[in-house]
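See structure below.
The values are calculated or read from the model by the stated rules, or taken from the named source; none is laboratory data. The structure displayed is predicted, hence computed values, not measured ones. So basically every Cβ, Gly included, is an ideal-geometry build from the backbone, and we count neighbours across all protein chains shown. Just so you know, the surface numbers come from the protein's heavy atoms only, side chains and all, with ligands and any DNA or RNA stripped out. Shrake-Rupley method; radii C 1.70, N 1.55, O 1.52, S 1.80 Å.
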Amino acid sequence: MHALRKHRPLRRVTLAAAATVTGVVLLLSLKPHTAPTVAGTSSAAGASPSRSPSSASSAGSSSGGTRSTGTRTVTGDTVQTRWGPVQVRITLKNGRITDVTAVSYPSQNPRDQEINSYAIPQLRREALAAQSAGIDSVSGATYTSDGYRRSLQSALDSANL
């Protein structure tokens with residue numbers, strides 16, 4: 001018979017209790033992701049507003065204004081990532097980025113929707129703050145972050161910024 005079963009049943013109970021407490025403490029120390037709400041997104045579920053091939057043909061298009069004055073919109077190239085295409089549209093006013101919208105991004109399954117519901121708004125905030133494509137990747141959304149950054153740079157290049 002094993003030593004823990006024969007002579008020391010209290011030791012077995014103590015070890016089980018310690019393991020349970022350790023497991024509970026580890027579980028409680030995890031911080032879940034929360035989906036922030038952002039004005040200007042088309043849906044809270046993270047569904048892509050446009051995933052059609054025609055959205056790729058509008059890459060680099062712009063409307064209105066000149067480089068330094070007026071308001072205009074420029075759509076970046078569609079960047080193919082491991083999990084799906086990413087495309088960004090920027091709005092410029094007097095040479096400054098006033099809005100960044102993700103035209104398409106991976107949203108084929110619930111996990112993509114969950115990841116991008118917090119990644120896309122965070123990437124948007126960073127792009128508006130940096131006024132460039134020099135933004136950090138979002139942890140857990142590396143491929144989307146890379147595609148977002150590359151499409152944003154394409155839009156900025158098309159706008160001659």
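Length available on full extension from residue 128 to residue 24: 0.36 nm per residue minus the Cα-Cα distance, which gives 33.4 nm. With R₀ set to 25 Å, the beta-carbon distance separating residue 146 from residue 109 gives a calculated FRET efficiency near 0.80. Shown for the stretch 78-119: the carbon plus sulfur share of the solvent-accessible area, taken with all protein chains present and a 1.4 angstrom probe, equals 44%. Taking the charge dipole of the stretch 92-161 about its Cα centre, with +1 at Lys and Arg Cβ atoms and -1 at Asp and Glu Cβ atoms, the residue from 161, 102, 127 reaching farthest to the positive side is 161. Protection proxy ranking of 20-28, 102-110, by the mean of other Cβ atoms within 10 Å over each peptide's residues and highest first, is 102-110, 20-28.
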